[in-house]
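A.B. asks: Take this structure first; my questions come after.
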Amino acid sequence: MGKIIDYMADEGMNLPNFLYYLSWNLDVDADDATIRYARTSLMHTDMLASILEKWYWPPRKHGEAIRTKAARTTMERWAEENVCMRMNREMRLLKPLVLSPPEELSDESLLNIKLNGLTADYQRVASVTWSLLHAASSTPLQLQRNTYKYHAPSIVAIISMLSFDRSYHRCKS
């Protein structure tokens, strides 16, 4: 491995620049078949998840208490930004499901809301939001022990409140 890094250095290249240019940046010839093949191989390898896990949480030698910080901060910031964008998109997609003009609201219309239908719609349209709220509703141990616990009503209520916070016109649920 050291010989490859040394060769890259001899060619005026370091690892960060190599990864930068490999990752669809316009500074290199996008039509270069060798680069396209290498990039595609990286994106589709089973090893990619393992590589990213090591960048986030690098291994350490047994008995050493020092852990390298690695790319943890950068990866967490990137993940949070992407999850927030995804949740925002999902909340926008929920709008037609929860939009109800005030003149159409009545006790009868509110009592006719079907929790099962709303649950299925929310899970389908806002899968990431649902998944995050479900994960936040219990610890993994609680989920393992309390297999009978039904979190859907709480999650539906939370998503409905968040949707209502976005616009008071969204008052179906």
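The values are calculated or read from the model by the stated rules, or taken from the named source; none is laboratory data. Not measured: the values here are computed from a predicted model. Methodologically, a virtual Cβ is constructed for each residue, glycine included, from the backbone with ideal geometry; neighbour enumeration extends over all protein chains shown. Areas reflect the complete protein model, heavy atoms only, side chains present, ligands, DNA and RNA absent. Shrake-Rupley method; radii C 1.70, N 1.55, O 1.52, S 1.80 Å.
A.B. asks: What are the residues in the range 110-135 that are hydroxyl-bearing (Ser, Thr, Tyr) and free of Cβ contacts under 8 Å to residues at least 12 places away in the same chain, if any? Let's see the steps before the verdict.
C.D. replies: Restricting attention to the range 110-135, the residues satisfying the condition of being hydroxyl-bearing (Ser, Thr, Tyr) are 119, 122, 127, 129, 131.
Hit for the range 110-135 is Ser131, nothing else.
A.B. asks: A follow-up question, please. What number goes with the only condition from (1) open to solvent by 80 Å² or more (accessible area, probe 1.4 Å); (2) assigned to a loop (DSSP other than H, G, I, E, B); (3) at pLDDT 90 or above that Gly12 does not pass?
C.D. replies: Against the list (1) open to solvent by 80 Å² or more (accessible area, probe 1.4 Å); (2) assigned to a loop (DSSP other than H, G, I, E, B); (3) at pLDDT 90 or above, Gly12 comes up short only on (1).
A.B. asks: Let me ask you something else. Take the range 30-64 and flag every residue that is at pLDDT below 80 and open to solvent by 90 Å² or more (accessible area, probe 1.4 Å).
C.D. replies: Start the filter on the range 30-64 by keeping residues that are at pLDDT below 80, which leaves 30-32, 60-64.
Result: Asp31, Arg60, Lys61, His62, Glu64.
A.B. asks: Just checking: which of the helices (runs of 4 or more DSSP H) contained wholly in the range 71-163 hold 3 or more residues that are among the charged types (D, E, K, R) and out of contact with any Leu (no Cβ under 7 Å at 6 or more places or on another chain)?
C.D. replies: Numbers: elements: 72-98, 107-111, 115-125, 127-137, 140-145.
Fully inside the range 71-163 and qualifying: 72-98.
A.B. asks: Take the residues in the range 125-170 that are in contact with a Phe, Trp or Tyr (Cβ under 9 Å, 6 or more places away or on another chain) and over 27 Å from Glu103 (Cβ atoms); name whichever of them is surrounded by the fewest Cβ atoms within 10 Å (Cβ to Cβ). Steps first, answer last, please.
C.D. replies: First pass over the range 125-170, keeping only residues in contact with a Phe, Trp or Tyr (Cβ under 9 Å, 6 or more places away or on another chain): 129-130, 152, 155-156, 159-160, 170.
Checking which are over 27 Å from Glu103 (Cβ atoms) leaves us with 129-130, 152, 155.
Numbers: Thr129: 24, Trp130: 21, Ala152: 17, Ile155: 22.
For the range 125-170, the residue satisfying everything is Ala152.
A.B. asks: If you don't mind, another one. Identify the single condition in (1) within 21 Å of Ala157 (Cβ to Cβ); (2) modelled with pLDDT under 85 that Lys95 does not satisfy, given that it satisfies every other one.
C.D. replies: If we test Lys95 against (1) within 21 Å of Ala157 (Cβ to Cβ); (2) modelled with pLDDT under 85, just (2) comes out false.
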